[in-house]
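A.B. asks: Once you've had a glance at the structure underneath, I'll fire off some questions.
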Amino acid sequence: MPASRQFLVVSALLLLWAAGGCGNSGRPAADPERAAREEAYKDQVTLSGLGLAKGENFLGDEIFYVEGSLTNDGEGNVRRVELTFLFKDTLDQVVLREARTALEYRGKRGIEPQQVAEFQVAFENLPRDWNYVVPEVQVSGIGLQ
């Protein structure tokens with residue numbers, strides 16, 4: 001087999017190996033039981049005191065902060081909370097839907113049962129047709145310890 005053909009075959013095999021995920025990053029496979037438990041637990045986290053603050057970054061651009069409190073009403077220890085923010089226009093139509101991690105704890109820390117944690121999430125470059133009202137916020141993901 002000519003050298004150029006061997007090179008093409010080896011290159012193709014390497015591409016297939018990379019695309020097929022044979023180079024697993026070492027992360028464990030998702031546990032379906034845990035995922036189901038975390039999905040059900042989303043209802044155990046309550047949002048309150050939602051507000052909006054405005055500031056500027058170092059370049060003078062406007063930044064809006066959505067802030068509030070998260071209460072763990074369940075029996076587990078919450079180590080991560082992902083929220084989905086729905087920014088709307090004056091016709092109450094969603095002009096931006098964005099999911100962000102609002103809180104994430106490392107190690108054994110987290111929001112213990114019946115505890116409250118404060119969060120603040122920054123947004124830049126919001127759509128011009130946003131109505132400047134506190135967005136609708138939904139708990140979209142939970143990570144339990």
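Where a number appears in this text, it was derived from the coordinates with a stated rule and is not lab data. Predicted model only: the values in this text are computed from it and were never measured.
A.B. asks: Going Cα to Cα from LYS42, which aspartates and glutamates come in below 18 Å? Please leave out same-chain ones fewer than 8 positions away.
C.D. replies: ASP31, GLU33, ASP73, GLU75, GLU82, GLU98, GLU104, GLU112, GLU118, GLU136
A.B. asks: Quick one: compute the contact order of the range 50-145, relative version, from alpha carbon pairs under 8 angstrom and 6+ residues apart, as a percent.
C.D. replies: This gives 39 percent for the range 50-145.
A.B. asks: Rg and Dmax of the range 84-145 over Cα atoms: what are they, in angstrom?
C.D. replies: 14.5, 44
A.B. asks: Could you estimate the translational diffusion coefficient of the range 31-144 from the Stokes-Einstein equation, with Rh from the Kirkwood formula over C-alpha pairs, at 4 °C and 1.567 mPa s, in whole µm²/s?
C.D. replies: After rounding, the answer is 86 µm²/s.
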